[in-house]
Amino acid sequence: NLAYVIYTSGSTGNPKGVMIEHKAIVNTLLSQIEFLGIDDKHKGLQFASFSFDASIWESFLILLSGAGLFIINGADRHDPASLSAFIKEHDIDIATLPPSYVSKLDIATLQGLKKLITAGDRADSAKAKQYLEYGTYYNAYGPTETSICGTIYKIEKGSSLVYDSLPIGKPISNTGVYILSGENQLQPIGVVGEICIGGEGLAR
């Protein structure tokens, strides 16, 4: 059954409504609760606008794992200093933020945050490197049509960052990612092509 409809420009550049079924979004959420190691001891931030599919990711990853969800108001969301203060005040330890927003933050103010996920744009590798002093960093990727997340890359706290451009990682559970040519032929490793995603998380 249909879970929700959300609008996106997606990969076509033209606004359209994407219909996400229950089984598709449940696949994303359950696989990421396990991958991220979220349990009832965590406290998570709800940052994204409710018109953006990341809000579903943030809210239900936390609620379905029994963790505490903290919803920041609009004024504080738009001010990096207020956001940092909100995270510190409520002892929030997991947050998903756009890379463009992370680029404006003083990473030292996120010392209590144990897990930082960025998605929706190219990750800021310099900020990621700074954050690894304090917690584990995740770079997530996926168009709305893949029920928010198609792949994710994990860098453990204290690791050295060797990439100028962060990888998008491996497919989430029950998902396959293929690099195809213009003729829809599978490309060899290292050859440029188009990302094509298949599996249980796809919108129908």
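Search the range 45-68 for residues being touching a strand residue (DSSP E or B) at 6+ places or on another chain (Cβ under 9 Å) and of a type in the set (A, V, I, L, M), and hand back the single one that is nearest to residue 149 (Cα to Cα). Among those residues, the one meeting the criterion is 54. Inspection of the range 60-73 identifies at least one residue that is outside any helix (DSSP H, G or I), out of contact with any Cys (no Cβ under 8 Å at 6 or more places or on another chain) and hydroxyl-bearing (Ser, Thr, Tyr). Residue 62 meets all of the listed conditions (1) closer than 21 Å to residue 109 by Cβ; (2) surrounded by 15 or more Cβ atoms within 10 Å (Cβ to Cβ); (3) not polar (S, T, N, Q) but one, namely (1).
As for the range 153-170, it holds no residue that is among the hydrophobic types (A, V, I, L, M, F, W, C), out of contact with any Lys or Arg (no Cβ under 6 Å at 6 or more places or on another chain), free of Cβ contacts under 8 Å to residues at least 12 places away in the same chain and under 22 Å from residue 87 (Cα atoms). If you filter the range 185-203 down to residues that are part of a strand (DSSP E or B) and touching a residue at least 12 places away in the same chain (Cβ under 8 Å), you find that the one that is surrounded by the most Cβ atoms within 10 Å (Cβ to Cβ) is 197. Can residue 39 be described as open to solvent by 20 Å² or more (accessible area, probe 1.4 Å) and of a type in the set (Asp, Glu)? So residue 39 passes the test. Of all residues in the range 1-36, those being in contact (Cβ under 8 Å) with a residue 40 or more places away in the chain, outside any strand (DSSP E or B), open to solvent by 40 Å² or more (accessible area, probe 1.4 Å) and within 25 Å of residue 95 (Cβ to Cβ) number 3.
Does residue 55 qualify as being open to solvent by less than 30 Å² (accessible area, probe 1.4 Å) and either of a type in the set (D, E, K, R) or part of a helix (DSSP H, G or I) (or both)? The answer is yes for residue 55.
The values are calculated or read from the model by the stated rules, or taken from the named source; none is laboratory data. Since this is a predicted model, take the numbers as computed values, not measurements. Because the Cβ atoms are built from the backbone with ideal geometry, glycine has one as well, and the counts that use them run over all protein chains shown. To get the accessible areas, we keep the full protein, side chains included, count just its heavy atoms, and leave off ligands, DNA and RNA. Shrake-Rupley method; radii C 1.70, N 1.55, O 1.52, S 1.80 Å.
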